[in-house]
Amino acid sequence: MKNLTIINHPLVKRDLTLLRDKRTPSNIFRAVLRRTASLMAYEVTRDLRLKETAVTTPLERTRGAIVDEKFILVPILRAGLGLVGGFVEVIPEARVGHIGLYRNEETLRPVDYYLKLPRKLGRSLVYILDPMLATGGSAVAAVSVLKAKGARNIRFVSLVAAPEGVRRLARHHPGVRIYTCALDRRLNAKGYILPGLGDAGDRMFGTAE
């Protein structure tokens, strides 16, 4: 899994524990998820290209740096929306697209229903955001759609991943770098990550049965 980076930060581990806890209510879940996304954003942007620039302080002129990259965030609806706010806090200049995919619970295959993307994908770093990388079906489908629309530099960001999903995404799209806060044990028979944290979308929006 050479394309996989696990974000190993004490504050991320703390927040992930809160997110896993079934007793965490939806309002706290949303707030912690947003906070965790901000921490993740710092980690996944460590290798950004910089350009030197001049800046004038209150005392004198000196040298500084600006980011020489363009960003597009593409959350996979609906759970991916929970990561957008935290990323935008760190990368406020990012543009945001949306891709709607859901997993058929019987076939475990992705079904697409919505797509709205900014222009000029090929000139930007594209971050696909989805809290859970489970079977990898939605991830593979999302990357395929974005590549078909011209994206060339794509990164996949998840909160929790299963080995099955990581392997599947790497097999279909070996050039995509994967970032996650935890590589969990495996999937269960229904395609949910173990130990995981349940359905992130349901927990975030309070729609669990």
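The values are calculated or read from the model by the stated rules, or taken from the named source; none is laboratory data. Please read all numbers here as calculations on a predicted model, not as lab measurements. Backbone-built Cβ (ideal geometry, glycine too); neighbour counts: all protein chains shown. For accessibility, only protein heavy atoms count, side chains too; no ligands or nucleic acids. Shrake-Rupley method; radii C 1.70, N 1.55, O 1.52, S 1.80 Å.
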dims of region 107-188, Cα set, principal axes, largest to smallest, nearest Å -> 38, 26, 20
Expressed as a rounded percentage, what relative contact order does the chain have, with Cα pairs under 8 Å and six or more residues apart?
22
Per residue, what accessible area does the chain have, given a 1.4 Å probe and all protein chains present, in Å²?
54
P(r) histogram, all alpha-carbon pairs of region 1-51 included - 5 Å bins from 0, percent:
4, 18, 25, 19, 15, 10, 6, 2, 1, 0
Any number yet on Rg/Rh for region 1-122, C-alpha, Kirkwood?
1.06
For the chain, the spread of Cα positions along each principal axis, largest first, Å:
63, 39, 31
Candidate lysines for bridging to LYS149, where Cα separation is under 18 Å - those fewer than 8 sequence places away on the same chain excluded
LYS70, LYS116, LYS120
Over region 128-179, what is the relative contact order in whole percent, taking alpha-carbon pairs under 8 Å and six or more residues apart?
49
Summed side-chain charge close to THR17 - residues other than THR17 whose Cβ falls under 15 Å, Lys, Arg +1, Asp, Glu -1:
+4
